[in-house]
1. Return only the number of the condition from (1) buried (at least 20 other Cβ atoms within 10 Å of the Cβ); (2) within 16 Å of the ligand (Cβ to nearest atom) that residue 175 does not satisfy.
2. Any residue in region 170-196 that is in contact (Cβ under 8 Å) with a residue 12 or more places away in the chain sitting within a Cβ distance under 8 Å of a residue that is in a strand (DSSP E or B) and more than 10 Å from the ligand (Cβ to nearest atom)? List the pairs, counting only those 6 or more apart or interchain.
3. Kindly state which strands (runs of 3 or more DSSP E) lie completely within region 1-79 and contain at least 2 residues that are of a type in the set (A, V, I, L, M, F, W, C), in contact (Cβ under 8 Å) with a residue 60 or more places away in the chain and surrounded by 20 or more Cβ atoms within 10 Å (Cβ to Cβ).
4. Please specify each residue of region 249-259 satisfying the condition of being buried (at least 19 other Cβ atoms within 10 Å of the Cβ) and within 16 Å of the chain's Cα centre (by Cα).
5. Would you check if there is a residue in region 149-163 being open to solvent by less than 20 Å² (accessible area, probe 1.4 Å) and over 16 Å from the mean Cα position of the chain (by Cα)?
6. Scan region 101-117 and give yes if some residue there is in contact (Cβ under 8 Å) with a residue 40 or more places away in the chain and under 17 Å from residue 288 (Cα atoms), otherwise no.
Amino acid sequence: MANVIGIDVGGTNLRVGVFEGHQLIQETRFQADFSHICHTHSPSQAWEKIISITSTGIRNVLVQFPDVQHIGMGFPGFIDPNTQTVAQSPNFPGLDHVNLAQDLGEVLQKKVIVENDALAAAYGEYCLAGKPDTGLIYIGLGTGLGGGLIHAGRPFAGQHGVAMEVGHIIVEPNGRPCGCGNNGCVEQYASASGVATSYHTLSGQRLSAYEIAQRADDGDALALEAYRQAAIYLAQMLATVVKVVDVPNIVVGGGMCHAWHLMKTAFDIQLETDLIPVLRGKLSVTPSHTHDIAGMLGAAQLALLHNTHLS
Ligand SMILES: [Zn+2]
C-alpha cells in the first residue's frame, strides 16, 4: 500500500503526517505562525511566505518518503469545492481567493487536494469510527471553532464551501467581534481564544486556554466559569445544528477537547434543555480519542477519495 501524506494546518503550526492506510507512520511538526504572518504582511507577501514554509516542510518529508503520490491538506478557511481555492480564511486575514492546491502542487510537482480543516478532521473521525451509516458531525475546538458533516459517505461542503461553518453561528447578538466580520459568533466564546477572552474579562488576566484549564483543575472559580460559559454556548450551537441535520453521532476534537471534563456537566445540561424533546437522550457526543490525528488522516483519505473519483 502506497503512503499518503495528510497535512493539518493550525493557527500556529503545520503537522505533516505520513499514513499507510489508517496507520500514522510518521508525524512531523513545523512551527508556522500563519496567523501572525497574515497580520504583519501584505496579502501577497503573506501568501508567498505561507507557500514557501509549507512546501519546504512537505519537501523535507518527501525526501524520506519519495514514493508518496497523494497529498491532502486541511486548511482553516472556506474552501470552494468547485475550484479548490481558499475563498476566505477568518483566522488568516487577507487570504481571499488564493489557489492553495494549485500553487502548492506546482512547487511540489505533486497532486495536492485541499479541504476545510474541520471537514478533513470529520472525515478522519468517520474513517476511524468504521464509516457509520448515520454519518457524523465533527466539532473542532482549537484556536477557532470548526465543524464538519459527513453525509452519505462523503464530506458535505455545500455549494460555496461554507456548510457546517458552525463556529460562525451567532449565539450572542451584538457580542464579541469575529474575524468573519460579524459579532457574537460562537467561536468567540467556545474556542481556545474564546476561553482566554472570557477569562480575561472575568479576572483581568491574560492566559492561554491551557493555562486556564490548569487553574480550573486547581479549583480557580473564574477559570471554571470561563469553561462553563464555553460549554453552554457550545451546547446551544450544537442543539441548533442537530435540529438542522439530525445526525446523532457527534465527535468533539481539537486541542481544547483535553479540557472536556471541565465542560461536560454544563454542556450536557444545556444540550438536553435546548434539544427538541424527541431527540433528548438520543445523541452520542464524545470527545475524540484519536490523539488529534483525525485532521491529518482525513486529509490523507480525502486525497485518495478525490483521486478515486477522478480515475
Ligand atoms: Zn464569525
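1. Unmet condition: (1).
2. If the second residue must be in a strand (DSSP E or B) and more than 10 Å from the ligand (Cβ to nearest atom), the pairs left are 180/88; 190/141; 191/141; 192/141.
3. On the way: elements: 4-9, 13-20, 23-31, 70-75.
Correct list: 4-9, 13-20, 70-75.
4. 250, 251, 252, 253, 254, 256, 257
5. no
6. To start, the set of residues in region 101-117 that are in contact (Cβ under 8 Å) with a residue 40 or more places away in the chain comprises 103-104, 107-108, 110-117.
Subsequent filtering for residues that are under 17 Å from residue 288 (Cα atoms) retains 117.
Within region 101-117, one or more residues are in contact (Cβ under 8 Å) with a residue 40 or more places away in the chain and under 17 Å from residue 288 (Cα atoms).
Residues are listed down the side, and each one gets a yes or a no for (1) open to solvent by 30 Å² or more (accessible area, probe 1.4 Å); (2) assigned by TED's automatic domain parsing to the domain that holds residue 96; (3) not in a helix (DSSP H, G or I):
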position	(1), (2), (3)
146	no, no, yes
181	yes, no, yes
215	yes, no, no
227	no, no, no
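Yes or no, residue by residue, for (1) outside the structural domain of residue 68 (by TED's automatic domain parsing); (2) free of Cβ contacts under 8 Å to residues at least 12 places away in the same chain; (3) of a type in the set (Ser, Thr, Tyr); (4) within 30 Å of residue 20 (Cβ to Cβ):
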position	(1), (2), (3), (4)
241	yes, no, no, no
245	yes, no, no, no
251	yes, no, no, yes
255	yes, no, no, yes
267	yes, no, no, no
271	yes, no, no, no
281	yes, yes, no, no
298	no, no, no, yes
301	no, no, no, yes
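The values are calculated or read from the model by the stated rules, or taken from the named source; none is laboratory data. Predicted model, so just to flag it, every value in this text is computed and none were measured. Heads up, the Cβs are rebuilt from the backbone with ideal geometry, glycines too, and the neighbour counts pull from every protein chain shown. Ligands, DNA and RNA are excluded from the accessible area calculation, which covers all protein heavy atoms including side chains. Shrake-Rupley method; radii C 1.70, N 1.55, O 1.52, S 1.80 Å.
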